[in-house]
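The values are calculated or read from the model by the stated rules, or taken from the named source; none is laboratory data. It should be emphasised that the depicted structure is a prediction, and the values quoted were computed from it without experimental measurement. Neighbour counts are summed over all protein chains in view; Cβ atoms, including those assigned to glycine, are modelled from backbone coordinates with ideal geometry. We work out accessible area using only protein heavy atoms, side chains counted, and drop any ligands, DNA or RNA first. Shrake-Rupley method; radii C 1.70, N 1.55, O 1.52, S 1.80 Å.
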Amino acid sequence: ADDNLLLSATINSKGNIKAKGTARLAPFQASLNTGFSGIEARTMLPWFSSLPLLTEARTTIAGKGLLSLPEISYNGELKFDEAVFKRTGKPLLTWKKCDIQGLSYSRSPFHLGVAQMDIDSPVMNWQRAPDKPHPSQQFGAFLQDMLPAEKTDPTGDKGKIAASQLDIGKITITNGKIPYRDTRLSPPWSTTILITEGSITNLHSSGAGEPGRFSFSGNLDQTAFTVSGTADLFGKTPGGDTAFQASNWRLSDFAKYVPPELGIDSRKATFSATGSTTWNNGRLAENARFVFTNLQTAADADAALPLAFLTNTEGNVVLDVKGERDLPGENIPVLHDALATFQRQIIKAKVSPLLLAGSDFADLVGSEFAEFRPGGYELTEQGRKILARFAALCSSHPFVGIRITGAADRIVDGDALNRQLEDSEARRVAQENERRKAAWEEERKAELARRKDAVDTTQGFIEEDLMLDYPAFVPLKPAPVAFQDSMLKDLARRRGELVQKLLVDQLSLAPTRITLATKPRISADSSLPGNRALLELRAMAAPKNPAAAQGGGKE
């Protein structure tokens, strides 16, 4: 029951070990309170594992705890300084310091338990490639590699460690560095992820019923970020979730991945990103939101109108990206998903800009005009409804405007104008005939009176009809009429002006939201009547003060 062994030794001139405890020779058994320092990994770790990742590690080890032999179990503390772990001759993981508290290790049966592991200044290279698994799978495999394989029977056959024997309470990381390279992008993207602080907790087997948790914060290309979530790192079916947030990224850092045909100026733009990822039962779902500030594009660029629809009241462009796919499956970077999402918006704009407005305004597709009654300036009831719907659309999207083109139709409006001209000519001729007939009657009356005065009454009779030879009244006939092109142009111009006035005065749109084309449109298509004002959605530049938009304009 009393201590019967006291040991003090120097190992390889730098290491020191002291032990005190009980021991017996037959059968051999020892239980020693041990303290040690300066011991090289290649001297100590082969006692506990034959895994090359550990036996070939370069580090000095110190610690104190209870060592039991011959089963080789250890309970206590460990310190690893200036550690370098290699794989196939290349550094895989390095750190300056690592303190392990509450270590519980037994070689047979295998068990590794850690209450807390504090790692200072770790460096770990990370590469993502199209053929690489999901990061949770990569990290799980890395942890598996860090653990020794164990003999399962006296024959010497090696088997894999049962994950149920692993129990790590918490790993903390400070001042970490991850050189990152993503070959899924072309050209490959390389950067360095700086981890200010991070933690990984509850690393248990899948049978424990509780996933591991992780949380990291730091900087990526001078951009602050946080990432947190849960993950089952050892289960046969990966599962977990991640939340990510980063702010004030420079878009210019990613300019080489933005297609030049989009016409986007990335020099001054910055963006923030938030997102979440879940993976379970072989499916991966990703949701991300990108908020861009100072994002500019050429006025006539394909991207201009989609950007206007995505711009909020603060003048920032908001892009929501969603994706779902099999896991393992196609390994797509979120940047590609974001570009694909935006390019779909551009395709929609080319088919019909109204598709960008979503399902709320789907009824306007194919109705991009305000209809007028033929030959006039009065909107039809449907025309008024369409105009109100366009005003509502613009109210929902503060940086989308309307370009109005007044239009007239040679057939529909021409026939109506001809009828108006004919009616006007008929009224004019009727009035003229009425005037001329009154004058004719006055002249006939005066002539009759003159003739009566000239009749010779001495013969004893009076001629009954003195006006038989007087010319009869001949009414004028309406002259042929035909509308002129100038009338159609004036009609189209006035229609455009009327719609502009209605949108501003009655539907409360800012004058800067409306532009009026100076050139009207004259059509002659029997299958597509042109008695209308055409409404075209246009992108507006985001002003410094969105609420201060004043004045009107023509183009």
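Scoring Thr55 on the criteria (1) without any contact (Cβ under 8 Å) to a residue 24 or more places away in the chain; (2) among the hydroxyl-bearing types (Ser, Thr, Tyr); (3) open to solvent by less than 40 Å² (accessible area, probe 1.4 Å); (4) under 17 Å from Asn75 (Cβ atoms) leaves a single failure, condition (4). Would you tally the residues in segment 16-52 being over 18 Å from Ile100 (Cβ atoms) and open to solvent by less than 40 Å² (accessible area, probe 1.4 Å)? Residues flagged as over 18 Å from Ile100 (Cβ atoms) and open to solvent by less than 40 Å² (accessible area, probe 1.4 Å) within segment 16-52 amount to 5.
The condition of being in a strand (DSSP E or B), within 24 Å of Ala129 (Cα to Cα) and touching a helix residue (DSSP H, G or I) at 6+ places or on another chain (Cβ under 7 Å) holds for only one of Gly240, Gly218, Gly229, Gly176, that being Gly240.
For segment 259-274, the set of residues classified as surrounded by 18 or more Cβ atoms within 10 Å (Cβ to Cβ) and farther than 16 Å from Thr293 by Cβ consists of Leu262 only.
Please state which one of Lys385, Lys322 is closer than 29 Å to Asn531 by Cβ, open to solvent by 60 Å² or more (accessible area, probe 1.4 Å) and not hydrophobic (A, V, I, L, M, F, W, C).
Unique residue meeting the criteria: Lys385.
Scanning segment 521-533 for residues that are open to solvent by 40 Å² or more (accessible area, probe 1.4 Å) and not hydroxyl-bearing (Ser, Thr, Tyr) yields Arg521, Ile522, Ala524, Asp525, Leu528, Pro529. Given the structure, is Val412 aliphatic (A, V, I, L, M), under 30 Å from Leu537 (Cα atoms) and modelled with pLDDT under 95? When the stated conditions are applied, Val412 passes them.
Among the criteria (1) among the hydrophobic types (A, V, I, L, M, F, W, C); (2) in a strand (DSSP E or B); (3) under 30 Å from Thr94 (Cβ atoms), the one Leu7 does not fulfil is (3). All told, Ser215 meets the bar of being at pLDDT 90 or above, of a type outside the set (D, E, K, R) and touching a Ser or Thr at 6+ places or on another chain (Cβ under 7 Å). Since Ala426 meets every condition but one in (1) closer than 30 Å to Leu516 by Cα; (2) not in a strand (DSSP E or B), which condition does it not meet? The failed condition is (1).
Restricting Thr183, Thr226 to those that are open to solvent by 40 Å² or more (accessible area, probe 1.4 Å) and over 30 Å from Ala115 (Cβ atoms) reduces the list to Thr183. Considering only residues in segment 294-336 that are polar (S, T, N, Q) and assigned to a loop (DSSP other than H, G, I, E, B), the one that is farthest from Phe254 (Cα to Cα) turns out to be Thr313.
In the set Ile332, Ile386, only one residue is over 15 Å from the mean Cα position of the chain (by Cα), among the aliphatic types (A, V, I, L, M) and under 30 Å from Ser136 (Cβ atoms); that residue is Ile332.
Of all residues in segment 74-94, those that are touching a Lys or Arg at 6+ places or on another chain (Cβ under 9 Å), under 19 Å from Lys20 (Cβ atoms) and surrounded by fewer than 18 Cβ atoms within 10 Å (Cβ to Cβ) total 1. Looking across Asn281, Asn287, one residue alone is open to solvent by 20 Å² or more (accessible area, probe 1.4 Å), within 20 Å of Ile332 (Cα to Cα) and touching a residue at least 40 places away in the same chain (Cβ under 8 Å). It is Asn281. Beta carbons closer than 9 Å, at least 6 apart along the sequence or on distinct chains, pair a first residue in segment 87-109 that is closer than 17 Å to Phe48 by Cα and touching a residue at least 12 places away in the same chain (Cβ under 8 Å) with a second that is of a type in the set (Lys, Arg) and assigned to a strand (DSSP E or B) for Ile100/Lys79; Ser108/Lys151. If you go through segment 350-375 and pick out every residue that is open to solvent by 20 Å² or more (accessible area, probe 1.4 Å), outside any helix (DSSP H, G or I) and in contact (Cβ under 8 Å) with a residue 24 or more places away in the chain, you end up with 5. Checking Arg384, Arg344 one by one, the residue that is free of Cβ contacts under 8 Å to residues at least 24 places away in the same chain and farther than 29 Å from Gly263 by Cβ is Arg384 and no other. Remark: pairs (first residue in segment 2-22, of a type in the set (Asp, Glu); second residue open to solvent by less than 90 Å² (accessible area, probe 1.4 Å); Cβ separation under 8 Å; 6+ apart in sequence or on different chains) = Asp2/Thr22; Asp3/Gly21; Asp3/Thr22. All conditions but one from (1) more than 21 Å from the chain's Cα centre (by Cα); (2) modelled with pLDDT under 95; (3) polar (S, T, N, Q) apply to Thr223; the one that does not is (1).
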